[in-house]
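Every number in this text was worked out from the coordinates using simple rules, so none of it is lab data. Nothing here was measured: the structure is a model prediction, and the numbers come from that model. Please note: Cβ atoms are built from the backbone with ideal geometry, for glycine as well, and neighbour counts cover all protein chains shown.
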């Protein structure tokens, strides 16, 4: 699997303040969309804003993975012990502390090595 970039742990941690703000915006827009009816004229605008925030994360090189829009899960491609993995962060976590193999997904989260 090819990624536009691989993050070091330090790079991902440095990106967290911006990622945290973008994820908060994503969750806010998603909540707004859920509150609207399918024929609400504001829906296309909110959906476009949501896509812009998702695109912003992708341009940074990380990926939003919470398609229920409930906790704001973000993966950062990285290398640990010669293996490409995802550093895994949730918006309710104060810091970056987990990773998982790409094929395992969130269920395979493990603590980051010290």
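Compute the relative contact order of the chain as a whole-number percentage, counting only Cα pairs closer than 8 Å that sit 6 or more residues apart in sequence. Write down the numbers at each step before the final one.
Numbers: 155 pairs, mean separation 25.4, N = 114.
Relative contact order comes out at 22 percent.
Work out Dmax and Rg for region 32-73 from the C-alpha atoms and quote the Rg first, both in angstrom.
Over region 32-73's Cα set, Rg and Dmax evaluate to 11.7, 34 Å.
Would you please put 14-23, 29-38 in order of how densely packed they are, using the mean number of other Cβ atoms within 10 angstrom per residue and starting with the highest?
Peptide ranking by packing, descending: 14-23, 29-38.
What is the diffusion coefficient of the chain in µm²/s, taking the Kirkwood radius over Cα pairs and the Stokes-Einstein relation at 25 °C with a viscosity of 0.890 mPa s?
It diffuses with D of about 166 µm²/s by this estimate.
Between region 19-54 and region 56-71, how far is it from one alpha carbon centroid to the other, in angstrom?
Here the two parts' Cα centres lie 13 Å apart.
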